[in-house]
Amino acid sequence: MISSPLRKDDIFPFPSQLISNSNDLKNHLKLRDCYEKYVLPDMKDSPEGTLSVYRTALNHWEARTSNPNVGEITNESLREFKETFELEKYSPESIKKYWRHIRRILRRVGPPIQGNPLGESIIERVPYMAPPKKRFRKFPRLVTDEEINAVYHACDVAKWPYTSDCPPLLWRLALVVFFNCGPRTQDFFQLLWENVDLKMRRVSFVAQKTSKLQGVPFQEIVGLHFESVFQNQKKTDRVFRSTKCKRTLYDQWKAIQDSAGIKEYIEFRDLRETCSSRLDAANPGAKAGKWVLGHGGRGVNEVYYLNPSPEVIQAVENLEQPDSFYSILE
């Protein structure tokens, strides 16, 4: 009788299959092991945005540390982890966000004390990381028409993403959508063609950060930019067809701005803030910026009601477009 071949799990089982006590576990489990075994099973109903932050935090941990066993993580190793972010000028908010998620993993394998009843007692104490020093809150930057026009025309230098037949058109579309619809960065770059209704002139999506359903109307000029890059893609294809390499994405965005002569680097968030401010100015009192950006309340209407009010639609229609956007008509 021929025996079945050994599976990988038979040769290299999960540590808990071999180890029976906490002293051994803490010397074999990595932080990602703890997340996948103890934290993730309780997050079946968590939004994708939350899970994505956990994955990002763990990726940072493995890239910025020696990835020690969970029992070897100390206050000192967490301080060094924080300092790698500070050296790269990460915002305190970003550092604290990653620390909150890593801390939850560490608490889960820590002692079951008051406020932490699910602790697994794998480590004796949860190590501590002092929060990064706060910076003064950045005053919202309003990008000028001159800057937007310069960037729009400078998109000609775009060579990436390589998956696109015409990267300049894709980058112009990105600029136009950020200016008109103000999506969060992750929501735009995850946008699918099924989220775009050219007939109704609306993009609809579930925000990854808040899990809120959003339906943002737009002007005809935005629809023309969507049409300029549509090439019989499937509904499940991404609008901005790119790789997952964020570094390449931001390098290309910087190269475009360098070509445009932009001295103060424009972040996608700056365009989102500009969108909000200009929509509010386009129809004062309508609070269109708050509605379009998804910053409304958490009541049933705000979370599940997709259609904007007539006042919001009027603000969208009144929004003045930079001259460069009309180049699509030439």
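One table, with the values for the structure above:
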item	result
Lone qualifier among Phe139, Phe85 - being aromatic (Phe, Trp, Tyr) and without any contact (Cβ under 8 Å) to a residue 12 or more places away in the chain	Phe139
Complete set of residues in the range 215-249 that are of a type in the set (Ser, Thr, Tyr), under 18 Å from the mean Cα position of the chain (by Cα) and exposed (fewer than 13 other Cβ atoms within 10 Å of the Cβ)	Thr243
Conditions (1) at pLDDT 90 or above; (2) open to solvent by 90 Å² or more (accessible area, probe 1.4 Å): number failed by Val143	(2)
Listing of helices (runs of 4 or more DSSP H) fully contained in the range 107-222 that carry 1 or more residues being hydroxyl-bearing (Ser, Thr, Tyr)	145-154, 185-189
Conditions (1) at pLDDT below 95; (2) within 22 Å of Ile266 (Cα to Cα); (3) in contact with a helix residue (DSSP H, G or I) (Cβ under 6 Å, 6 or more places away or on another chain); (4) not charged (D, E, K, R); number of the one not met by Pro132	(2)
Index of the failed condition, Arg104 passing every other in (1) open to solvent by less than 80 Å² (accessible area, probe 1.4 Å); (2) in contact (Cβ under 8 Å) with a residue 12 or more places away in the chain; (3) not in a loop (DSSP other than H, G, I, E, B)	(1)
Considering residues of the range 250-297 that are of a type in the set (Phe, Trp, Tyr) and open to solvent by 60 Å² or more (accessible area, probe 1.4 Å) only, the residue farthest from Phe188 (Cα to Cα)	Tyr265
The range 68-103: number of residues that are out of contact with any Phe, Trp or Tyr (no Cβ under 7 Å at 6 or more places or on another chain), closer than 12 Å to Arg32 by Cα and not hydrophobic (A, V, I, L, M, F, W, C)	2
Boolean, Ser121 is closer than 21 Å to His28 by Cβ, modelled with pLDDT under 95 and open to solvent by less than 60 Å² (accessible area, probe 1.4 Å)	yes
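Matching residues to (1) open to solvent by 40 Å² or more (accessible area, probe 1.4 Å); (2) under 26 Å from Ala315 (Cβ atoms):
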residue	(1), (2)
Trp160	no, no
Ser164	no, no
Pro168	no, no
Asp187	no, yes
Met200	yes, yes
Val203	no, yes
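The values are calculated or read from the model by the stated rules, or taken from the named source; none is laboratory data. Please read these numbers as outputs of a predicted model, since none were measured by experiment. Note that each Cβ is placed from the backbone with ideal geometry, even for glycine, and that neighbours are counted across all protein chains shown. For the accessible areas, the whole protein counts, side chains as well, though only heavy atoms, and no ligand, DNA or RNA atoms are used. Shrake-Rupley method; radii C 1.70, N 1.55, O 1.52, S 1.80 Å.
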